[in-house]
1. Suppose the filter is basic (Lys, Arg) and open to solvent by 40 Å² or more (accessible area, probe 1.4 Å); does ARG162 pass it?
2. When region 129-144 is examined, which residues are found to be touching a residue at least 40 places away in the same chain (Cβ under 8 Å) and open to solvent by 30 Å² or more (accessible area, probe 1.4 Å)?
3. For region 189-212, which residues satisfy the criterion of being surrounded by 10 or more Cβ atoms within 10 Å (Cβ to Cβ) and more than 17 Å from THR160 (Cα to Cα)?
4. Being open to solvent by 100 Å² or more (accessible area, probe 1.4 Å), at pLDDT below 90 and in a helix (DSSP H, G or I) is the filter here; which residues of region 90-114 pass it?
5. Are any of the residues in region 33-42 more than 28 Å from GLU161 (Cα to Cα) and either in contact with a Phe, Trp or Tyr (Cβ under 8 Å, 6 or more places away or on another chain) or not in a loop (DSSP other than H, G, I, E, B) (or both)?
6. Regarding region 24-33, can at least one residue be identified that is under 18 Å from ALA171 (Cβ atoms) and among the hydrophobic types (A, V, I, L, M, F, W, C)?
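The values are calculated or read from the model by the stated rules, or taken from the named source; none is laboratory data. Keep in mind the model is a prediction, meaning the values are calculated, not measured. FYI the Cβ positions are ideal-geometry reconstructions off the backbone, even for glycines, and counts take in every protein chain you see. In case anyone asks, the SASA skips ligands and DNA or RNA and just uses the protein heavy atoms, side chains included. Shrake-Rupley method; radii C 1.70, N 1.55, O 1.52, S 1.80 Å.
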Amino acid sequence: MSMSVTEALHTRISTRDFLPDPVPESVVRDILEQARWSPSGGNVQPWRVEVVAGAERQAVIDLARNTLAANPAGDDAGIPIYPANLWEPYRSRRFKIGEDMYATMGIERENKAARFAHVARNMEFFGAPVGMFFIIDRGMGHGQWAHLGMFIQSVALAATERGIQSCIQEAWAPVRGALGQHFGIADNEVLYCGMALGHANPANPMNSLRSDRAEVDEIATFRGF
């Protein structure tokens, strides 16, 4: 492993089609071993992880399918993925990556069924052999949620360094409640998001899509230089 942090940042994408090739537990443990050194204010380390593979992974997939079949609206535990009526420039950024993604798949905007089918593949980890779920105490503040995000980013970058691709999945939000019961998490905890881990399918052009990023001068103001 000789990938720099810069290379990992530029290489990591949200992979949405994986090969079935297994990822050994030892590799997943090594990824988490490195990620646990993520920044954490006051060293609180406000994160916990559930990792699934094999029969446990399939049980989660079945649970999600059955839960949404019974209640398509699901239950996001009061933590929506996006704010209502997302405003600019954020709305346009979100819209563009969606259109770019479906364009690589050859799915027209009018083909709602195909788009919904693709979104539903989130609940199958896009075919990845390993899934992770990130959990935080409900009593934690904004700072600790930010630190959880740092930890999740560290997991993704450590995986990239090891030739393992990932997709951070907030799409599990509608089945947060069911997953919490499945994993037996405490009432004071909430499952924030999932992550698919595995080897990207190189034959799928969607896995070559790199989303745009705002230029530095659009997001930063420099003072005193």
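1. Spelling it out, ARG162 is indeed basic (Lys, Arg) and open to solvent by 40 Å² or more (accessible area, probe 1.4 Å).
2. ASP137, ARG138, GLY139, MET140, GLY143, GLN144
3. GLU189, VAL190, LEU191, TYR192, CYS193, ASN204, PRO205, MET206
4. Within region 90-114, just LYS112 meets the criteria.
5. The answer is no, given that none of the residues of region 33-42 is more than 28 Å from GLU161 (Cα to Cα) and either in contact with a Phe, Trp or Tyr (Cβ under 8 Å, 6 or more places away or on another chain) or not in a loop (DSSP other than H, G, I, E, B) (or both).
6. no
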